[in-house]
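Below is one structure, written out as structure tokens; comments come after it.
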Amino acid sequence: MRVSCAQYAVRDGGRDPNLERSLHFIRRAAAEGADLVVLPELANSGCDLGTRDQALDLAEEIPSGPTVRAWSEEAEEFGVCVVGGLLEKEGDTLYNSAFLVGPGVLGRYRKTHLWDKEKLRYEPGRELPVFDTPLGRIGVLICYDIWFPEAARTLALKGAQILCAPSNAPTTGSPNTSAGATSRCSTSTASPPPTPTASSSPPPTASGTATWDAAASWTLPAASWRSRGRRERH
């Protein structure tokens, strides 16, 4: 299975250009043979949203919002799975969410561990779901979530074979932790989850570097996915 992780400049408040940029990277990854595409955190809105009213205006309801609809259409056309971050609203409640879309697949995860002032804007998620997809069982975390090993361990115990973590972390002001954890949180990542044992060894990851306006790709071991048919890509 080929995984493409896109890291690019998400424009704060730029819903339309952000959607076009995300679609560009989905199409580019599909053209390069990706099976799974991981986009940044809050890919529809950016992180610096000004007032709460501005955030509510940018947020999307599901399933009627334009971003998830567009991602779903691209995923169906190219036969890929896409995981991307989204500013979501339900009534007047805001969530920092991530959606998994693919042929016959729609899954949602809401960020559980809110970073800094995110606690003043978003409602935290309450669940750690695992989604069945044509590629295997996928768990999703968002950025700061990956500083808490219990979350990844829970997903592994639930049977997740792949862990995707859309991120949009600053280069400064992040928690004082190891360089490896900072690197993984600063880029959109997809990796096998840790094996649920008592060992304190670091979890295996698919390593690589995604740079400005770039998509890094890795091939994961065949044991971590199930083959499937897909449409020819043009």
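The values are calculated or read from the model by the stated rules, or taken from the named source; none is laboratory data. Everything numeric in this text was worked out from a predicted model, so none of it was measured. Note that each Cβ is placed from the backbone with ideal geometry, even for glycine, and that neighbours are counted across all protein chains shown.
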Among (1) crowded, with 17+ Cβ neighbours inside 10 Å; (2) under 20 Å from residue 10 (Cβ atoms); (3) not hydrophobic (A, V, I, L, M, F, W, C) - the single one residue 66 does not satisfy: (1)
Qualifying residues in region 139-151 (those that are aromatic (Phe, Trp, Tyr) and either in a loop (DSSP other than H, G, I, E, B) or within 15 Å of the chain's Cα centre (by Cα) (or both)) - the one surrounded by the fewest Cβ atoms within 10 Å (Cβ to Cβ): 148
Test: residue 53 is of a type in the set (Asp, Glu), farther than 13 Å from residue 82 by Cα and in a loop (DSSP other than H, G, I, E, B): no
Residues that are buried (at least 17 other Cβ atoms within 10 Å of the Cβ), hydrophobic (A, V, I, L, M, F, W, C) and either out of contact with any Phe, Trp or Tyr (no Cβ under 9 Å at 6 or more places or on another chain) or assigned to a strand (DSSP E or B) (or both), drawn from region 152-167: 152, 155, 156, 162, 163, 164, 165
Unmet criterion (only one of (1) more than 19 Å from residue 10 (Cβ to Cβ); (2) of a type outside the set (Lys, Arg); (3) assigned to a strand (DSSP E or B); (4) at pLDDT 95 or above) for residue 106: (4)
Failed item, numbered, when residue 52 is tested on (1) at pLDDT below 95; (2) crowded, with 17+ Cβ neighbours inside 10 Å; (3) touching a strand residue (DSSP E or B) at 6+ places or on another chain (Cβ under 8 Å): (2)
Among (1) out of contact with any Pro (no Cβ under 9 Å at 6 or more places or on another chain); (2) within 22 Å of residue 24 (Cα to Cα); (3) charged (D, E, K, R) - the single one residue 92 does not satisfy: (2)
Pair list, Cβ under 6 Å, 6 or more apart: region 130-150 residue over 10 Å from residue 162 (Cα atoms), other residue crowded, with 22+ Cβ neighbours inside 10 Å and of a type in the set (D, E, K, R): 142/41; 142/111; 143/41
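Got a sec? Which of 4, 45 is surrounded by 15 or more Cβ atoms within 10 Å (Cβ to Cβ) and assigned to a loop (DSSP other than H, G, I, E, B)? Steps first, please.
Numbers: 4 fails: assigned to a loop (DSSP other than H, G, I, E, B).
Just one listed residue meets the conditions, 45.
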Enumeration of residues in region 122-134 that are in a loop (DSSP other than H, G, I, E, B) and modelled with pLDDT of 95 or more: 122, 123, 124, 125, 126, 127, 128, 129
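It is to be established whether one or more residues within region 13-20 are crowded, with 20+ Cβ neighbours inside 10 Å, over 14 Å from residue 167 (Cα atoms), at pLDDT 95 or above and within 17 Å of the chain's Cα centre (by Cα). Talk me through it step by step, then tell me what you get.
To start, the set of residues in region 13-20 that are crowded, with 20+ Cβ neighbours inside 10 Å comprises 18.
The next check asks that each one be over 14 Å from residue 167 (Cα atoms); those that pass are 18.
Add one more test, that the residue is at pLDDT 95 or above, and what stays is 18.
When the remaining residues are screened for being within 17 Å of the chain's Cα centre (by Cα), the result is 18.
Yes; the residues of region 13-20 include at least one that is crowded, with 20+ Cβ neighbours inside 10 Å, over 14 Å from residue 167 (Cα atoms), at pLDDT 95 or above and within 17 Å of the chain's Cα centre (by Cα).
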Among the residues listed as 86, 94, the single one being at pLDDT 95 or above and buried (at least 24 other Cβ atoms within 10 Å of the Cβ): 86
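Could you run through region 117-129 and say how many residues are free of Cβ contacts under 8 Å to residues at least 40 places away in the same chain and surrounded by fewer than 19 Cβ atoms within 10 Å (Cβ to Cβ)? Spell out how you get there, then give the answer.
As a first pass, look at region 117-129 and keep what is free of Cβ contacts under 8 Å to residues at least 40 places away in the same chain: 117-120, 122-129.
The next check asks that each one be surrounded by fewer than 19 Cβ atoms within 10 Å (Cβ to Cβ); those that pass are 117-120, 123-124, 126-127, 129.
Residues flagged as free of Cβ contacts under 8 Å to residues at least 40 places away in the same chain and surrounded by fewer than 19 Cβ atoms within 10 Å (Cβ to Cβ) within region 117-129 amount to 9.
Condition first: on the phi > 0 side of the Ramachandran plot and either buried (at least 17 other Cβ atoms within 10 Å of the Cβ) or in contact with a helix residue (DSSP H, G or I) (Cβ under 6 Å, 6 or more places away or on another chain) (or both). Can you find one or more residues in region 29-41 that meet it?
Within region 29-41, the first condition is being on the phi > 0 side of the Ramachandran plot, and the residues that meet it are 33.
If we keep only those that are either buried (at least 17 other Cβ atoms within 10 Å of the Cβ) or in contact with a helix residue (DSSP H, G or I) (Cβ under 6 Å, 6 or more places away or on another chain) (or both) as well, we get none.
No; the residues of region 29-41 include none that is on the phi > 0 side of the Ramachandran plot and either buried (at least 17 other Cβ atoms within 10 Å of the Cβ) or in contact with a helix residue (DSSP H, G or I) (Cβ under 6 Å, 6 or more places away or on another chain) (or both).
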